[in-house]
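J.: I have a structure here, written as structure tokens, and I will follow up with some questions on it.
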Amino acid sequence: MTGEATTRPPRFDAAFRAQFAELVRWRRDVRRFRLDAVAPELLERLLALTACAPSVGLSQPWRYVLVESDERRHAIRDNFLQANKAALEGYGGERQARYARLKLEGLSQAPVHLVVCADETTAQGHGLGRQTMPETIRYSVVAAIQTLWLAARAEGLGLGWVSILDPGAVRSALDLPPDWTFIAYLCIGWPEEEHDDPELERHGWQERTCAESVKPLKR
Ligand SMILES: Cc1cc2nc3c(=O)[nH]c(=O)nc-3n(C[C@H](O)[C@H](O)[C@H](O)COP(=O)(O)O)c2cc1C
């Protein structure tokens, strides 16, 4: 069935494409936040946009939790400190010294702490596309996170993904619903600085390999 067109599709011009490329280039993982609040309506607007992210079978399996209580935020911060200490101990020599100098989260400053989960048991989508690859539910949630990341950057907001955490301890500290898989702990707020290169590159941890990493194998 062909639906009647109600709105004219937009035509994205060269200026928009150039700006979009700038948005992609200037999106950063942010760990240095100002303390200023983020208006709840702005966050709502950004989350609403993520509902348009691609998802396996149109399952829309992303689920969000705002971590507001000081007690729970402290539990997450302690979780990070422990996990980060263990990670540091896994390195030796100069690499360990470099690791110790990195700032790998903005948990104490970020005004918004957002947990993103995947509803592994959602009936939405009737299982389409995930019978052979159930992990596509989680991939769909990551697609929503990337949408949020870019949308936040377009508003001048910074987002930082904190994965140096014991996921089981996150689950119990936040009392997450049993069917939800913990995917990401995100810090969101107004960035203290803006850069067009990743912090890890700037601080000598890892260089980007733009050309090589996107070269497809041919089969
Ligand atoms: C799945 C995932 C987990 C991440 N976890 C952390 C983290 O725990 N701490 C951190 O500082 N950065 C984390 N990052 C951010 C990456 O370090 C960052 O994306 C990368 O260095 C490139 O920098 P850019 O995002 O500014 O381009 C994570 C990113 C992703 C995609």
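J.: Less than 15 Å apart at the alpha-carbon level, and either on another chain or at least 8 residues along: which aspartates and glutamates does that give for K85?
T.: Candidates past the 8-residue exclusion: E105, D166.
J.: Return the FRET efficiency for the residue pair T132, A87: r is the Cβ-Cβ distance, R0 is 45 Å, and the value is rounded to the nearest 0.05.
T.: So the FRET efficiency works out to roughly 0.85.
J.: Restricting the count to DSSP beta bridges whose residues both fall in the chain, what percent are antiparallel, rounded to a multiple of 5?
T.: 95
J.: Follow-up question, since we're still on this one. Among L107, L159, L58, which one moves the most in a GNM of the chain with springs linking Cα atoms closer than 10 Å?
T.: Residue with maximal mean-square fluctuation among L107, L159, L58: L58.
J.: Here's a follow-up. In percent, what relative contact order does region 29-205 have, based on Cα pairs under 8 Å that are 6 or more apart in sequence?
T.: 40
J.: Can I ask one more? Treating the beta-carbon of each Lys and Arg as +1 and of each Asp and Glu as -1, no other charges, what is the dipole magnitude of the chain about its Cα centre, to the nearest 20 debye?
T.: Roughly 680 debye for the chain.
J.: How many angstrom separate the Cα center of region 1-67 from the Cα center of region 134-166?
T.: 10
J.: Please give the peptides 188-194, 89-95, 17-23, 131-137 ranked by average Cβ packing (other Cβ atoms within 10 Å per residue), highest first, as a rough proxy for protection.
T.: Ranked from most to least packed, the peptides come out as 188-194, 131-137, 17-23, 89-95.
J.: Please give the FRET efficiency for T121 paired with Y64, using the beta carbon to beta carbon distance and R0 = 25 Å, rounded to the nearest 0.05.
T.: After rounding to 0.05, the efficiency reads 0.90.
J.: Here's another thing I want to ask about it. Taking amide H positions as placed 1.01 Å from N in the peptide plane, with prolines and chain starts having none, which residues 5 or more places from I183, or on another chain, fall under 5 Å of its amide H?
T.: V116, C117, A118
J.: In sequence order, what are the phi-derived ³J(HN,Hα) couplings for region 25-39 according to the Karplus relation 6.51 cos²θ - 1.76 cosθ + 1.60 with θ = phi - 60°, rounded to whole Hz, with x for glycine and proline?
T.: The phi angles translate into 5, 9, 5, 9, 7, 9, 10, 10, 10, 6, 7, 4, 5, 9, 4 Hz.
J.: For the modelled label position 7 Å from the Cα of D175 along Cα-to-Cβ, which residues of region 58-82 have backbone nitrogen atoms closer than 14 Å?
T.: Those under the cut-off are 66-73.
Taken together, the values in this text are just the output of simple stated rules run on the coordinates, not laboratory data. Everything numeric in this text was worked out from a predicted model, so none of it was measured. In this analysis, Cβ positions are derived from the backbone assuming ideal geometry, glycine residues included, and neighbour counts consider all displayed protein chains.
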